[in-house]
1. What is the dipole size for chain B, taken about its Cα centre, with +1 at each Lys and Arg Cβ and -1 at each Asp and Glu Cβ, in debye to the nearest 20?
2. Report, ordered by chain and residue number, the lysines lying within cross-link reach of B:Lys348, taken as a straight Cα distance under 23 Å and ignoring same-chain residues fewer than 8 apart.
3. In peptide A:217-227, how many Cβ atoms from other protein chains are near each Cβ within 10 Å, on average?
4. Taking every residue in B:98-104, how many Cβ atoms of other protein chains lie within 10 Å of its Cβ, on average?
5. What is the distance, in nm, between label points placed 7 Å from the Cα along the Cα-to-Cβ direction at B:Thr353 and at A:His285?
6. Which loop GluC sites (Glu not before Pro) in the stretch A:1-87, with loop taken from DSSP, have no more than 12 other Cβ atoms within 10 angstrom of their Cβ?
7. Under 8 Å for C-alpha pairs, at least 6 residues apart: give me the relative contact order for chain B, rounded to a whole percent.
8. Between A:Ala361 and A:Asp260, what FRET efficiency comes out of the Förster formula 1/(1 + (r/R0)^6) with R0 = 51 Å and r the beta carbon distance, rounded to 0.05?
Amino acid sequence: MLRAALREVSTALKEGRVSPTELCQRCLSLIKTTKFLNAYITVTEDTALRQAEESEKRYRRGQSLGDLDGIPVAVKDNFSTAGIETTCASNMLKGYIPPYNATVVQKLLDQGAVLIGKTNLDEFAMGSGSTDGIFGPVRNPWSYSRQYKEKCGQNSRLENEDSSWLIAGGSSGGSAAAVSSFTCFAALGSDTGGSTRNPAAHCGVVGLKPTYGLVSRHGLIPLVNSMDVPGILTRCVDDAATVLGVLAGHDPKDSTTVQDPFNPFELPSVIDVSKFCIGIPKEYHIPGLSSETLAVWSKAADLFENAGARVIEVSLPHTCYSIVCYHVLCTAEVASNMARFDGLEYGHRSNIDKSTESMYAATRREGFNDVVRGRILSGNYFLLKQNYEKYFIKAQKVRRLIANDFVNVFNSGVDVLLTPTTLRDAVPYVEFIKEDNRTRSAQDDIFTQAANMSGLPAVSIPTALSEKGLPIGLQFVGHAFQELQLLTVAKWFEKQAKFPILQLQEMLDHADALSHQKISLFS
Amino acid sequence: MHTNYMLFLLFFSVAPWRPVVGLEIHAQINSNSKIFSGSQVQFIAPPNSLVSFFDASLPGTLPVLNRRCVEAAVMTGLALSCSINKKSLFDRKHYFYADLPAGYQITQQRLPIAVNGNLSYTFCVGAKQSQLVTKNVRIKRIQLEQDSGKSLHNDARSQTLIDLNRAEGQLRVDANVSVHHPGEPYGVRTEVKNINSLRFLAKAVDYEIQRQIEELENGGTILNETRTFDYKLGCTIPMRDKEGKQDYRFMPEPNLPPLILYDAKSLPANIGDQQVVNIDWIQERLPDLPSVKRVRLVEQYGILPEHSFTLLNEDGLMEFFEDVVRETQMNPKKVIGWVISELLGHLKQYDLTVKESPVNSLSLADLLNLLERRVISSSAAKQVLKELCKGEGKTPLQMVKEKQLELIQNQSELDQICQAVMERHQEEVMEIKAGNRKVLNKLIGLVQRATERRADPILVKQILEKKLSQ
């Protein structure tokens, strides 16, 4: 049941084959068993059970609120949740309990969804591994999958496993791992440079980044206001469409959401891709791309062509400038957005109180990790009067060029672009941390951040397993506000790809082994 | 033989100085809620009781522009003859201060809502304040921005208390001052802050101009600095906590799209007036500006221009005057004197505003009607008004009766009194009959004395003249 798609569970709930409380309890139990994944910062057990009970009452009265009623969902810990600690995996907000719900959280709750917990992330969503938060790194569930172990010839010695586990990707690694390990049916992530799609690819789940302006950011603690969007992580494309249908639409509290009415849609079950034109951007064929991922990408292009779609090579000529451009604009906005964390109104406050200035300085030094502080310093540098024109304005102009690349390609008849999501499959944590956060982000964001720069919708679809038995995802990028078309193409592809289900048993064995280990220590 | 004389004329001249003053005026918009958050605006509320999540800069909150604030800015721009920018932008101005929770202020630095206006103003000069001088000041720009909170420093406990309500201090002014010689480029300017009244503004500016002139004439230089006005000492002093120049790191506010305003021409057909801010719609609904009102008052009532200024400078006085004119038969040219010289004089004495006047317009109109109908004399009316301003709540008629100020209208009564006076002052009568008309005033005066000034002087004169000619 936990592996089922949203629709199926929803039907089961309506038919009484399972109750919301049972479902909730099973998820909670699985969360406990898979605690070593470190996907959750806060597990809202009491709230969830209460919400499940309410849902159950509604089902008994035959008054379910919709497809999400009674469904356990998880929310990345940078979304404000009323009465529930929201930390952004940072010391700065440890113990911070917001008095309001983010709009997207409220929408989920209004539909009867059961909030099962807040998920782990890189501190303030800065990173591509979910390794740089104060609660420790998130482990990719596939580290413990049968598929991975078989391929890697792993023996079952615990020490080996424990040190060779893989990163989940980031920064929404916790949400991706939560969905991937079946502890919830959908999760909210955030996506600023790829933070939903990257972990989705590494964890073998669907990661959707909607068009900027479609989904409200009110209550999403911002990283880059002009690029952030709430992201949706699910196990299949249909589920992503269902969740999008609940979340999308104008929010008066967010002036950057568009006013046009949004009509929730259901994806067709029969899809004919021969009427579509798929674009393959040649600039994305870069040296760092692993041969496996390249092969998967090629195979996918062939798949479309064989089905009658028009598959053509296109050019996004300013791709090579996008990382640097992104870095300037991102750090500038970060420097600005982090200015409010001064210890006065909420969050961490240092004990040093000789003067306001010294309190600010100590609070921010104690509250932020190196990654955050590094970006603040860079950002402030770029915003200095003497640098503003050279860096910030220049980057904005380059951003316009990058966005125009997509406009030009889409205007020439291309419906959807097909690209890799990441350079390769997930690497072991010990290898990942050899490079610093900035280097990793620059590498890992390469295929994903152009969609944030241009505001376009993009989705990562789990496609195939690598030679190591780990997920490889491919990305589709669509026209602005054309999520229906984008997800239709993605759904067709998902059907063709037939990506395997994560084999869970080994993970549970691992959990048992861990607990046995503990027992032996004490005996 | 020519001798060339070269005459060196050395003279020390003090080349004239021209000061340049720029005022930065922070005016709070009269609206029910704040500019970017939904929370209420209310004068004098308990500290931190009107603070929304956005005001407290809780993470994840976003600004939402208040329509009424935009309309107010457009109205102000139109009233000051500015060009209204149909597209204006919002920026973040960064600095750290306890009363600025987000670490930045949302303002309009790059492209404000209105620019290039002017305001002409007139003031009275001369011995009798009757000469009018008109001047013009340029309005460089009008911009919408967030107000900061209020901080109260408690030095005794080394504490600063912050109130994020932001409803106090409706008008604040900073003055920028520089001096230069005409024909030369502008001098370095200083900014003077902490000015909290118009009187001190004048003092601060005058002081600063003088200080700069003296400094420069002594060979010194002016620093581009911020100074604070010490109103006890009457001078400006450098502000110590500004170390070096502040770099505000301006950045576009990413959460607020450009503000687009429309006019009748640019308004798309399918959009209603309520969905957007329409400059022309606002223009049509602008109330008459003071200059227009003044012209109308002069034309309609025949009053002097300087009177029209007074009427508009006192809150509610114009309405008061017009109400009185409506209710009385007295010529407005005479009413104005009663309103400005008499009534306003008394109000100033008791430190009352027009709205607090113990004599309302109907009351004054009644009084003036009594005068017009010659029930009382002019001096009696003045006396009554003075009494009424004490605020005892009596009507003019009551006061007149109480003080027995009615003029004696009775012809035969007056006749008798005049006769009596004439009989007692035969000498004067003779003089008048001999041709000395001036003595008639003395007789009138004597009749007045006899009647305790209750005789209508015009009637008295008529009766006496008639008798004298017999």
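The values are calculated or read from the model by the stated rules, or taken from the named source; none is laboratory data. Keep in mind that what you see is a predicted model, and the values were worked out from it rather than measured. No Cβ is skipped: glycine too gets one built from the backbone with ideal geometry, and neighbour counts run over all protein chains shown. Just so you know, the surface numbers come from the protein's heavy atoms only, side chains and all, with ligands and any DNA or RNA stripped out. Shrake-Rupley method; radii C 1.70, N 1.55, O 1.52, S 1.80 Å.
1. Values: 58 positive and 55 negative charges, 129 e Å.
Here the size comes out at about 620 debye.
2. Of all the lysines, those that pass the test against B:Lys348 - Cα under 23 Å, at least 8 places apart if same chain - are B:Lys128, B:Lys333, B:Lys334, B:Lys382, B:Lys386, B:Lys390, B:Lys394.
3. Numbers: counts 3, 7, 6, 3, 4, 6, 0, 1, 6, 3, 1.
Counting Cβ atoms of other protein chains within 10 Å of each residue's Cβ and averaging gives 4.
4. Values: counts 6, 1, 4, 6, 7, 9, 4.
Going residue by residue through B:98-104 and averaging, the value is 5.
5. Label-label distance for B:Thr353 and A:His285, simple model: 7.8 nm.
6. Working: sites: A:Glu8, A:Glu15, A:Glu22, A:Glu45, A:Glu53, A:Glu54, A:Glu56, A:Glu85; in loops: A:Glu15, A:Glu85.
Counting only loop positions with at most 12 other Cβ atoms within 10 Å, the GluC sites (Glu not before Pro) in the stretch A:1-87 are A:Glu15.
7. On the way: 667 pairs, mean separation 52.1, N = 470.
After rounding, I find 11 percent.
8. Efficiency at R0 = 51 Å is approximately 0.65.
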